Amino acid sequence: MSPPKSRLEEGSALQAAASRDATPPRSVHAHAGGHGAADLGPLGGTARRAKGAHSSTQSAFARSLGRPAETAPARDWRDWGYPLLVIAAGLALWQGAVMIGWLRPIQFPPPSKLAASLVELVVDGYPEGIGLGTHFAITMQRILLGYLAAIALAIPLGLVIGWVPLLDDLTDPVIAFGRSVATLSLLPLAVVWFGTGEMAKVFLIGYGCFWVMLSNVVAAVKSVDPVLIRAARTMDVSGAALFRQVALPAALPRIFSGARVALGVGFMVIVGAEMIGTIRGLGALIMEARTFYRTDITMVGMFVIGALGLAIAVGLERLEARLLPWQAREARRGT
Amino acid sequence: MSAPAGSRATARERAPKRTRKVQRMSAPADPRDAQVVDPSAGRRLSRPVLGAIGAFTVIALWEGSARLVWSDAQVLPAPTQAIAAAWQHLTVAELAQHVGWSLWRILAGFALGALAGVALGVASGWYAWLARLVRPIIELLRPIPPLAWIPIAIVWFGLGEPSKIFVIFLGAFFPIFTNAWRGMVSVSPVLLAAARTMDVDGPALLFKVALPAALPDISTGLRVGFGLSFGILVAAELIAAERGMGFLVMHSRQLGQLGVAVFAILLIGFVTLVADSLLAATLRRLVGRRMPS
């Protein structure tokens, strides 16, 4: 029993290598080395490689949504020295241009003023004494509620749709359309349905995250290497076990990156949603400040939003590296 | 001239052949496996037909629940009620004007963003000193969502067209720049060295070797940037505009014509879908099979 099975595994590994061109023979040997075991260990390896094939496109997409460039480990002081120098020079130029009078302070408040405004925002708060911490907490709360609801709905639904080809065919145009509807255009409807309170904003974030997440989960399940599934079938794994033990682990990396993209979308939606009909939250903060010609507060708010976005992106990347270590390694090697 | 064209053609032919070979090698003996190779094989209805059935079902469910369960067109208008309301309150010329304004803003902002993003991205991917100068500032500003620029855009450019075009420009610029830069940086050094041994250098090396190799990444950036521009456009029109599709949604809600608002929302989705597939088809023609799906 054992020898034919091992040959089969080797065969499937070779096939996978052939279909993915440019796979080094090293990994084929690795598979042959781990043969014979009844568990699906070596197959997991195939899945990783299958994942690698489309990781470049996908990470390009994720990157463009505010994910920072993967930086190589710091080899040289130049890697961080030059950027700091450029930014410092830029700030000095800006400050100088305002002081000479080339830039109007009402349009381009100088960095020194921004620093003072940041302190004011934290200590006194704006508008109506709402501190930066409160704005921050409210925005985070809205994002998390909408995001988690969307994820909780989209993952099970996407897994089923991706696994059953008939359902995929039936829902494909609907999902494509749902994704295309600009989330913020639903804002007026959300106000009719849920009033101007928290619920309308949470709904919008949920809507935006849901479709992105759903299409990513469907794509993740569909893109599981068919060789992997056939190989599992030859080992008499089928039905629920096939799904749980083979398809799901293989789809996991892409599901995770979908979750990351969805959070980026939610972050974008919240800033827009908060600009209308509220004075609490970071989006409201920058819009309110604009209305009262406090450009300095607007700019500080923008940088806080940017920092929050960056922190979320980096945090998720770290989490992904911890939960799916092979995936991070693959991504580093791939690019 | 004929040599590169010939080699490209052979490369294009080779790809499908290889796929076919792999499929034959793994031709299923078990009928259950036919599903794995081609999901629609052995099914009587084709994919588009099934898709149409699915879409129709959703519309029918919406129509039914709106008329029977909620039965209030001021809460959830049925699709037919939305179309009827749009027919009643809007002339075709008005509608065309709103769509036209939105498209004009998109095209202007996206074209500027694409131009600047590709030019700067390619240039800083080619000249290391430029990247050192430009990238820190771009990386600093990139995490700020484009919508967060709306207030400051209004301060800088007023409430008119330039502020909207500026925000759309930003939405397109950042992903396009990043992808173009990354595409240029990740061009295989072997490729460049090989070209150099054939005495290709300077502008020819950039435009005939490096740039084509970076095209797939650039087109990924263009598509992502285009998708972002649409979302931003609607938000900008909701917040400050007196024309355009986003304005139409907001305005008809304020007038209490919820049916028109729903119609406009669906219209935005439809226009986005059509524009995106047009862009994808164009890029696929230009970039060919190197285009990532």
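The values are calculated or read from the model by the stated rules, or taken from the named source; none is laboratory data. Please read these numbers as outputs of a predicted model, since none were measured by experiment. As a convention, Cβ positions derive from the backbone with ideal geometry for all residues, glycine included, and neighbour counts pool all protein chains shown.
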query = Out of curiosity, is B:ARG196 over 26 Å from B:ILE150 (Cβ atoms) and either at pLDDT below 90 or under 22 Å from the mean Cα position of the chain (by Cα) (or both)?
reply = yes
query = Residues in segment B:130-142: is at least one surrounded by 17 or more Cβ atoms within 10 Å (Cβ to Cβ), outside any helix (DSSP H, G or I) and touching a residue at least 12 places away in the same chain (Cβ under 8 Å)?
reply = yes
Helices (runs of 4 or more DSSP H) within segment B:147-231 that include 2 or more residues away from chain A (no Cβ under 12 Å), over 22 Å from A:SER180 (Cα atoms) and not acidic (Asp, Glu) = B:161-185, B:189-197
inquiry  = If I go through segment A:173-202 residue by residue, how many of them are of a type in the set (A, V, I, L, M, F, W, C), more than 10 Å from every other protein chain (Cβ to nearest Cβ) and more than 21 Å from B:GLY259 (Cα to Cα)?
reply    = 2
query = If only one of A:ARG290, A:ARG318, A:ARG254, A:ARG280 is within 27 Å of A:LEU157 (Cβ to Cβ), among the basic types (Lys, Arg) and either assigned to a helix (DSSP H, G or I) or assigned by TED's automatic domain parsing to the domain that holds A:LEU121 (or both), which one is it?
reply = A:ARG254
task = Report yes if A:ILE161 is more than 20 Å from A:GLY272 (Cα to Cα), buried (at least 17 other Cβ atoms within 10 Å of the Cβ), facing another protein chain (nearest Cβ under 10 Å) and at pLDDT 90 or above, otherwise no.
result = no
inquiry  = Anything in segment B:252-266 that is more than 9 Å from chain A (Cβ to nearest Cβ) and surrounded by fewer than 21 Cβ atoms within 10 Å (Cβ to Cβ)? List them, or say none.
reply    = B:LEU255, B:GLY256
inquiry  = For a quick check of your reading of the model, give me the residue pairs whose first member lies in segment A:185-214 and is within 13 Å of A:GLY277 (Cα to Cα) and in the same structural domain as A:ALA154 (by TED's automatic domain parsing), whose second is hydroxyl-bearing (Ser, Thr, Tyr) and assigned to a loop (DSSP other than H, G, I, E, B), with beta-carbon atoms closer than 8 Å and at least 6 apart or on different chains.
reply    = A:THR196/A:THR278; A:LYS201/A:THR278
query = Looking at segment A:274-301, which of its residues are surrounded by fewer than 23 Cβ atoms within 10 Å (Cβ to Cβ), touching a Leu at 6+ places or on another chain (Cβ under 9 Å) and facing another protein chain (nearest Cβ under 7 Å)?
reply = A:ILE276, A:MET299
remark   = The residue that is farthest from the other protein chains (Cβ to nearest Cβ), considering only those in segment A:302-316 that are of a type in the set (Gly, Ala, Ser) and within 25 Å of A:GLN107 (Cα to Cα), is A:ALA307
message = List the helices (runs of 4 or more DSSP H) inside segment B:30-127, counting only whole elements, that have at least 2 residues being at pLDDT below 85, basic (Lys, Arg) and surrounded by fewer than 20 Cβ atoms within 10 Å (Cβ to Cβ).
response = none
